[in-house]
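These notes concern the structure reproduced below.
The values are calculated or read from the model by the stated rules, or taken from the named source; none is laboratory data. Because the structure is predicted, anything quoted here is derived from the model rather than measured. Glycine also receives a Cβ, built like all others from the backbone with ideal geometry; neighbour counts cover every protein chain displayed.
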Amino acid sequence: MRFLAAIFSRQGFAILFLSAILGACTVVVDEGPGPRPPRPEPQFCPKHYEPVCARRGGDRQTFANACLAERAGYRILRDGECRDGGGDGEEQTFCTREYAPVCARRHGELRTFPNECEARAADYNVVDDGPC
């Protein structure tokens, strides 16, 4: 009896009432496995000509510069124009021995390369200048 009396008292009623209100105000947000928001793209790319060979899926294409390739959603394979022939295997890249270290990533793995060309030739994406 005391339990029921406590529930129906003013304090018990107030606590029960507030609990019901708070329970009704619960909001659940389920974004689900829907599409990810697009990556922010640069507003514009410079008009300088430094050709790169890039790939998206099975499509290889030469772009005037790296900015245009990345903006179109392509992954840069190497500096210079794409060469025809040789099947759809990747082409051999020749890089200078210039030492300008970069930090690059592939499948979550970070690695330091002596220069940007070496990183791209190894199929890594440059994330920062300097060692990792």
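Filter the range 113-128 down to the residues that are part of a strand (DSSP E or B) and under 19 Å from the mean Cα position of the chain (by Cα) and list them by number.
Asn125, Val126, Val127, Asp128
Need a quick list: strands (runs of 3 or more DSSP E) entirely within the range 30-83 having at least 1 residues that are modelled with pLDDT of 90 or more and out of contact with any strand residue (DSSP E or B) (no Cβ under 8 Å at 6 or more places or on another chain).
none
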